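Each value in this text was obtained by applying a stated rule to the coordinates, not by laboratory testing. Everything numeric in this text was worked out from a predicted model, so none of it was measured. Methodologically, a virtual Cβ is constructed for each residue, glycine included, from the backbone with ideal geometry; neighbour enumeration extends over all protein chains shown.
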Amino acid sequence: MRDRRPLESFVPLGRREDLDFCIAVAYSNPEDLCEIAKTAEEAGFGGIVVSDHIVQPVHLATPYPYTADGKPRWAPETPWPDPLIAVGAMAAVTQRIRFITSVLVLPLRHPVLAAKSVATASVLSQGRLTLGVGAGWMREEFEVLGQSFEGRGRRLAESIEIMRTLFGGGAVEHHGEFYDFGPLQMNPVPPQAVPIYGGGVSDAALKRAATICDGWASEVQTREELDTIMARLRSYRAESARADEPLGICAALRDVYDLDGYREMRDRGVSELITVPWLFYGDANQSCQARCDGIRRFGDDILSNF
């Protein structure tokens with residue numbers, strides 16, 4: 001078996017000494033993703049953040065938890081390309097930039113099948129994938145796929161355990177509350193351990209991220225909200241078996257938009273800061289060329305001076 005580096009021996013985004021700027025490409029035209037990724041790498045960005053939904057129900061009764069009125073921020077016809085296929089495509093046209101799923105709704109998927117897709121994306125990106133996972137919020141999406149909405153948090157925790165076991169290579173088995181299999185072997189396996197970030201802002205989600213994950217992936221918060229969340233994360237981390245390990249913080253802030261604010265976030269312990277750079281120079285309906293121009297301009301205005 002080839003020598004694979006453990007998580008502690010390489011530097012994922014969440015363990016850099018400095019802050020990495022990452023571009024969220026949710027709602028973008030899938031045909032633009034490769035050009036955006038190439039431009040972002042050339043401009044000095046550290047990561048690309050991809051998001052996940054499988055379907056958009058015409059009749060959606062579940063309230064979206066991150067807006068005041070419970071309505072999603074996107075139109076029903078918004079494209080949601082498979083995040084791991086998108087990572088594979090963008091990895092093929094880049095060499096350095098990393099990729100973060102924020103977040104893959106893991107309980108919608110059987111963990112063995114999900115592990116196969118994640119491992120393949122990690123191999124094709126030469127280990128540049130950070131896997132952000134969440135329990136999900138849309139009951140209708142679970143019903144379409146025949147998955148129980150109840151118990152999804154516990155399934156998520158068990159799925160993380162299964163995936164890490166499979167990523168280790170060799171013949172493995174698992175006998176848990178929700179999944180039972182083995183002995184079996186999955187190939188290929190990632191070239192190095194895949195950092196796993198937990199998403200969500202509920203108490204259960206924050207505790208899960210702090211105790212069994214390598215980092216936490218936010219939605220969109222204010223500075224004040226992030227301070228509260230990070231304090232809770234650090235408290236849970238300190239009480240866990242992983243108290244001595246660093247915890248990555250991948251954050252999107254609605255009230256941080258200048259050099260001083262970005263430096264403050266770095267000093268507070270944010271390891272990845274999510275931005276949509278073209279929105280600083282135009283609206284959401286820009287062409288791919290205009291978006292890439294915005295990425296370059298942000299690189300000149302911010303990254304080169306950070």
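Data table
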read-out: Point-charge dipole on Cβ atoms (K/R +1, D/E -1) for the chain, about Cα centre, debye to 20; value: 620 debye
read-out: Whole-Å semi-axes of the stretch 107-171's equivalent ellipsoid (Cα gyration tensor); value: 24, 13, 10
read-out: Crossing angle, helix 152-167 versus the chain [Cα axis fit, 0-90 degrees, rounded to tens]; value: 80 degrees
read-out: Longest site-free stretch - the chain; sites: trypsin sites (Lys or Arg not before Pro), DSSP loop, at most 13 other Cβ within 10 Å; value: 97-253
read-out: Alpha carbon centroid spacing (whole Å) that separates the stretch 157-184 from the stretch 281-302; value: 43 Å
read-out: Shape of the stretch 30-102, Cα gyration tensor, a/c cut at 1.5; value: prolate
read-out: Contour excess over end-to-end distance, with Cα ends at Thr222 and Ala89 and 0.36 nm allotted per residue; value: 44.6 nm
read-out: Dmax and Rg, reported as Rg then Dmax, of the stretch 65-202 (C-alpha, Å); value: 15.7, 49
read-out: Three-way shape call for the stretch 207-306 based on the alpha-carbon gyration tensor, with the a/c threshold at 1.5; value: prolate
read-out: Gain on full stretching of the segment that runs from Glu143 to Gln185 - 0.36 nm per residue minus C-alpha separation; value: 12.1 nm
read-out: For the chain: rounded, prolate or oblate by the Cα gyration tensor [a/c cutoff 1.5]; value: rounded
read-out: Crossing angle, helix 83-92 versus the chain [Cα axis fit, 0-90 degrees, rounded to tens]; value: 60 degrees
read-out: Rounded to 10°, Cα long-axis angle of helix 33-43 versus longest principal axis of the chain; value: 60 degrees
read-out: The stretch 251-288 residues near the modelled Asp32 label - backbone nitrogen below 18 Å, point 7 Å along Cα→Cβ; value: 275-288
read-out: Backbone HN-Hα couplings from phi across the stretch 213-220 [Karplus 6.51/-1.76/1.60, Hz, Gly and Pro as x]; value: 10, 8, x, 10, 10, 8, 8, 10
read-out: R0 of 35 Å, Cβ-Cβ distance Asp82-Arg234: FRET efficiency to nearest 0.05; value: 0.55
read-out: 3J(HN,Hα) from dihedral phi, the stretch 270-277, Karplus parametrisation 6.51/-1.76/1.60, rounded to Hz, x for glycine, proline; value: 6, 9, 10, 10, 8, 9, 10, x
read-out: Overall dimensions of the stretch 170-228 by Cα: Rg and Dmax, Å; value: 16.3, 48
read-out: Dipole axis of the stretch 170-306 (+1 Lys, Arg; -1 Asp, Glu on Cβ), positive-most option in Asn285, Phe178, Ile212; value: Asn285
